[in-house]
Amino acid sequence: MRKESVHSDVTVVGGGLAGVCAAIAAARLGRTVALIHNRPVLGGNSSSEVRVWVCGATAHGVHRWARETGIMGELYLENQYRNPEGNPYYWDQVVLDAVLAESNLRLFLNTDVRDITAEHGNRIESVTGWTMGAERLTTFTSPVFVDCTGDGLIGYLAGADHRIGRESREEHGEEWAPPEPDRQLLGSTILFYTKDAGHPVKYVPPSFAKNILDTPIPEHRLIRTGDNGCDYWWVEWGGRLDTVDDNERIRDELWSVIHGIWDHIKNSGRFDAGNLTLEWVGAIPGKREYRRFLGDHVLTQTEVMAQSPFDDRIAFGGWSVDLHPVEGMYAQEPGARQRYSDGVYHIPFRSIYSRNVGNLLFAGRNISATHIAFGSTRVMATCATLGEAAGTGAALCAALGVTPRELHDGQLTLLQQTLLRQDASLMGVPNTDPDDLARAARACASSTLTRLAVEPVPDATTTLLPLDRDLAFVLPVDPRLDDVALLVDVHNATELTIELWDTLRGENAVPARRLISSTVPAPEGKEQWVSAHLPWQPDEPRNAVVIVRSDPHAYLHLVDQRRTGVLCLARKLAGESGVDHDIPEENGQAVAEWVARGLRRRSFCFRAGPTRAYDPDKTVGGYQRPFGGPQMWHAGERGEAWLRLDWDAPVEIGAVHLVLDDDVDEYLNNLHRHRTEFEIMPELIRDYRIEVLADGGGWTPVARETGNRRRHRIHRFAPFRTTALRVVVEATNGASEARIVALRAYA
Ligand SMILES: Cc1cc2nc3c(=O)[nH]c(=O)nc-3n(C[C@H](O)[C@H](O)[C@H](O)COP(=O)(O)OP(=O)(O)OC[C@H]3O[C@@H](n4cnc5c(N)ncnc54)[C@H](O)[C@@H]3O)c2cc1C
């Protein structure tokens with residue numbers, strides 16, 4: 001047995017996605033980091049030990065342009081490339097590789113932290129972990145600690161204020177909160193995988209298997225052959241217990257039910273399951289909920305639904321407020337109740353540091369949110385973005401010698417700008433980085449998309465979509481809109497009602513306020529352009545929604561073309577299933593009512609006139625992701641293209657940061673929940689070079705890239721004094737025109 005001590009700038013405990021992203025974020029900012037994890041595999045509930053699929057702000061594609069960027073975005077893209085089938089073991093390797101790539105980061109697997117020392121009860125001095133298998137006791141010291149243990153053990157041992165269970169309605173005025181506070185929690189779950197062996201396989205249930213016919217499960221939950229892993233998310237129990245203290249008992253109950261379900265599938269004669277066998281059953285319960293720390297702010301359901309625009313926003317979420325009945329799998333009601341905000345919502349920095357332990361940040365399912373708000377923030381891509389924010393905050397605290405609260409009070413702009421510079425998931429915060437030389441430059445390009453339209457392509461497949469429901473499309477209005485024409489087929493002469501709606505917020509893509517309603521005659525005939533006068537000039541560029549009301553005589557032309565910045569929507573009809581077939585959807589939720597099912601990467605044929613939504617200057621000092629418009633430069637012509645910056649006086653440039661379009665509207669999932677057809681997002685530019693203007697007037701290459709498949713690229717080179725720089729796009733990964741989201745230049 002050995003005893004060791006490790007000193008770092010930042011100590012992160014818990015290697016779920018929150019901890020992984022916290023550690024990577026701090027390491028990338030130049031801090032030394034210890035990441036301590038008590039399992040042999042990183043990833044927490046997403047790991048192959050538990051196999052929960054990673055969801056986030058896109059909410060299975062409900063929210064638009066909502067996929068996370070930053071470290072979580074990198075993990076998604078890398079997994080999509082390496083692991084399009086969603087193999088849980090390949091996902092483990094994607095996460096591990098991301099950690100191993102950081103030279104400032106030391107990883108301690110199999111190391112369980114149980115002890116801490118704290119000074120005056122309000123500052124953690126050290127945490128000590130026991131490495132199983134190695135008989136090693138290690139004491140970790142650092143000026144700042146990040147608790148990403150999920151259960152919140154580190155903060156608890158340090159005396160951090162926290163809650164377990166539900167707040168009363170009176171406490172925060174939350175609609176879904178109970179009248180009285182209680183200890184009810186979301187329960188824990190064990191998942192299992194099955195496979196077809198190709199020959200008959202028998203199943204003799206173990207003695208502890210439960211007869212599920214004696215439970216409400218067969219009547220109230222969907223049991224199907226072919227389901228695997230997180231399809232069984234509803235095998236949940238322990239909401240009335242202490243999910244930590246009773247962890248062993250909960251595991252036994254879950255195992256008894258899993259083997260009971262499998263006995264039912266294999267031996268009841270009701271399923272075609274003769275060749276099926278159990279491939280894997282989890283051994284540790286995936287925990288949904290335990291301690292939630294109290295920070296300087298407690299995020300509430302009201303703020304989630306109102307999308308409160310916190311000044312100290314450091315991340316966003318978009319999953320529904322998703323709460324489950326306390327009886328879990330034994331409940332007679334549906335396994336979940338869900339409600340979505342109208343777009344993504346914001347999470348403040350004050351919710352990720354302790355209000356009473358001075359050097360403690362936290363991220364993941366233990367943040368400072370009420371039980372109801374946690375019902376949304378708990379999904380793992382959101383936990384990961386919170387981790388990136390906590391790691392960034394911790395790195396800055398360590399570098400500046402301040403506490404998280406002091407960072408909030410005195411250096412908020414620095415925190416947000418650092419996050420944005422790292423391409424983290426921030427919504428609606430513009431780049432004001434004083435070090436970014438590009439902000440003082442003029443941008444221009446070889447060509448630019450200046451007309452907003454999707455035209456039919458000769459010989460390409462066109463689908464005629466009946467107006468048996470309201471159809472709509474979101475488009476950027478920049479700076480103004482006048483007429484919108486639609487290509488229609490009309491069987492009997494009719495009058496079409498075409499409306500223009502404001503989305504009201506940069507982060508939203510659903511109709512919120514009607515601006516204009518226009519009735520236009522549509523004579524009988526095929527392939528005719530019908531035009532509506534919809535004049536609108538918002539104060540600043542904004543997305544609008546054009547709605548074509550249902551009409552039994554008319555069809556819109558739908559083509560397989562994706563126009564960046566434009567989204568097509570169809571209104572859900574009464575009785576149609578929602579996102580999850582077994583979870584009832586509440587009425588009156590705009591994002592559930594206006595759906596993209598069958599319309600992704602397709603567009604109605606329309607003409608909407610000139611636009612500045614794709615101008616080159618969108619790449620400089622902008623939002624770095626769709627917000628009230630696409631927020632990127634989009635070339636107007638196919639093939640090689642360039643984007644250029646010019647300065648009035650020479651500047652010295654030693655680094656260029658590029659943010660490329662990876663289509664944040666495309667919903668990615670790490671496991672088998674959803675399959676995206678592209679292994680590399682086609683809009684990402686693949687081959688490019690960066691050139692600076694030399695004294696004599698010629699272009700000098702300073703960086704060249706081939707085979708790129710990432711969104712965020714940083715190129716460093718020997719400093720060069722110049723008055724102009726350009727990025728020459730030689731090829732994309734499939735898209736016909738070049739696009740660049742952001743271009744930064746640093747000394
Ligand atoms: C069955 C189930 C279904 C769910 N469905 C979804 C879903 O579909 N999509 C989704 O995104 N989210 C889902 N969630 C929620 C999500 O999995 C959790 O909210 C999320 O994993 C929390 O992330 P985290 O990093 O905070 O914690 P965790 O993923 O729990 O990771 C924390 C890690 O810290 C380690 N640790 C704990 N204590 C210590 C210690 N003392 N020392 C060292 N290491 C320690 C733990 O072993 C653990 O691996 C589900 C959860 C469950 C259980």
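The values are calculated or read from the model by the stated rules, or taken from the named source; none is laboratory data. Keep in mind the model is a prediction, meaning the values are calculated, not measured. Counting neighbours? That spans all protein chains shown, and the Cβs are built from the backbone with ideal geometry, glycine included. Side chains are part of the model used for accessible areas, which takes the heavy atoms of the whole protein and leaves out ligands, DNA and RNA. Shrake-Rupley method; radii C 1.70, N 1.55, O 1.52, S 1.80 Å.
A few remarks follow.
- Identity of the residue in the range 279-298, surrounded by fewer than 20 Cβ atoms within 10 Å (Cβ to Cβ) and within 16 Å of the ligand (Cβ to nearest atom), that ends up farthest from Leu361 (Cα to Cα): Trp280
- Checking each residue in the range 601-613 for being assigned to a loop (DSSP other than H, G, I, E, B) and in contact with a Lys or Arg (Cβ under 8 Å, 6 or more places away or on another chain) picks out Arg601, Arg602, Thr611.
- When Val510 is tested against (1) more than 29 Å from the chain's Cα centre (by Cα); (2) at pLDDT 95 or above, just one condition goes unmet, and that condition is (1).
- Subset of the range 42-53 [hydroxyl-bearing (Ser, Thr, Tyr) and either away from the ligand (no atom under 15 Å from the Cβ) or without any contact (Cβ under 8 Å) to a residue 60 or more places away in the chain (or both)]: Ser47, Ser48
- Sub-6 Å Cβ pairs linking a first residue in the range 9-24 that is open to solvent by less than 10 Å² (accessible area, probe 1.4 Å) and modelled with pLDDT of 95 or more to a second residue that is more than 9 Å from the ligand (Cβ to nearest atom) and hydroxyl-bearing (Ser, Thr, Tyr), at least 6 apart or interchain, are Val10/Ser142; Thr11/Ser142, ordered by first then second residue.
- Residue identified as hydroxyl-bearing (Ser, Thr, Tyr) and outside any strand (DSSP E or B) among Ser577, Ser531: Ser577
- Qualifying residue in the range 31-49 (condition: assigned to a helix (DSSP H, G or I) and open to solvent by 20 Å² or more (accessible area, probe 1.4 Å)): yes
- Among the residues listed as Ser268, Ser320, the single one being of a type in the set (S, T, N, Q), assigned by TED's automatic domain parsing to the domain that holds Arg64 and on the phi < 0 side of the Ramachandran plot: Ser320
- Asn104 meets each of the listed conditions (1) touching a helix residue (DSSP H, G or I) at 6+ places or on another chain (Cβ under 9 Å); (2) under 30 Å from His324 (Cβ atoms); (3) polar (S, T, N, Q) apart from (2).
- When every residue of the range 76-90 is checked against the conditions, at least one turns out to be more than 10 Å from the ligand (Cβ to nearest atom) and either of a type in the set (A, V, I, L, M) or within 26 Å of Ala158 (Cβ to Cβ) (or both).
- Elements of the type strands (runs of 3 or more DSSP E) sitting completely within the range 299-409 and holding at least 2 residues that are open to solvent by less than 10 Å² (accessible area, probe 1.4 Å), more than 30 Å from Glu253 (Cβ to Cβ) and touching a residue at least 24 places away in the same chain (Cβ under 8 Å): these cover 313-317, 345-348, 360-362.
- The set of residues in the range 505-532 that are open to solvent by 80 Å² or more (accessible area, probe 1.4 Å) and without any contact (Cβ under 8 Å) to a residue 24 or more places away in the chain comprises Arg513, Arg514.
- Among the residues making up the range 623-657, those that are closer than 27 Å to Pro476 by Cβ, hydrophobic (A, V, I, L, M, F, W, C) and touching a helix residue (DSSP H, G or I) at 6+ places or on another chain (Cβ under 8 Å) are Met632, Trp633, Leu643, Leu645.
- Yes/no for Glu333 being outside the structural domain of Val545 (by TED's automatic domain parsing), of a type in the set (D, E, K, R), at pLDDT below 95 and away from the ligand (no atom under 16 Å from the Cβ): yes
- Residue list for the range 216-235, restricted to those being without any contact (Cβ under 8 Å) to a residue 60 or more places away in the chain and in a loop (DSSP other than H, G, I, E, B): Ile223, Arg224, Thr225, Gly226, Asp227
- Of the numbered criteria (1) touching a residue at least 12 places away in the same chain (Cβ under 8 Å); (2) surrounded by fewer than 18 Cβ atoms within 10 Å (Cβ to Cβ), the one Leu276 fails is (2).
- Any helices (runs of 4 or more DSSP H) falling wholly within the range 73-175 and containing at least 1 residues that are in contact (Cβ under 8 Å) with a residue 24 or more places away in the chain, among the hydroxyl-bearing types (Ser, Thr, Tyr) and in the same structural domain as Leu400 (by TED's automatic domain parsing): 88-100, 153-157
- Within the range 16-41, the residues that satisfy the criterion of being within 11 Å of the ligand (Cβ to nearest atom) and within 17 Å of the chain's Cα centre (by Cα) are Gly16, Leu17, Ala18, Gly19, Val20, Cys21, Ala22.
- Any chance Leu213 is part of a helix (DSSP H, G or I) and more than 12 Å from the ligand (Cβ to nearest atom): yes
- When the residues of the range 159-203 are filtered to those that are buried (at least 20 other Cβ atoms within 10 Å of the Cβ) and among the β-branched types (Val, Ile, Thr), the one that is nearest to the ligand (Cβ to nearest atom) is Thr189.
- Residues of the range 380-394 that are more than 12 Å from the ligand (Cβ to nearest atom) and of a type in the set (Ser, Thr, Tyr): Thr392 alone.
- Some residue of the range 260-277 being at pLDDT 95 or above, closer than 22 Å to Pro584 by Cβ and more than 18 Å from the chain's Cα centre (by Cα): no
- Every residue from the range 1-15 that is in contact with a Leu (Cβ under 7 Å, 6 or more places away or on another chain) and within 14 Å of the ligand (Cβ to nearest atom): Val12, Gly15
- Scope the range 627-647; condition open to solvent by 30 Å² or more (accessible area, probe 1.4 Å), among the hydrophobic types (A, V, I, L, M, F, W, C) and closer than 29 Å to Asp502 by Cβ; matching residues: Phe627
- Filter pass, Glu253 being touching a helix residue (DSSP H, G or I) at 6+ places or on another chain (Cβ under 8 Å), under 30 Å from Ile367 (Cα atoms) and of a type in the set (Asp, Glu): no
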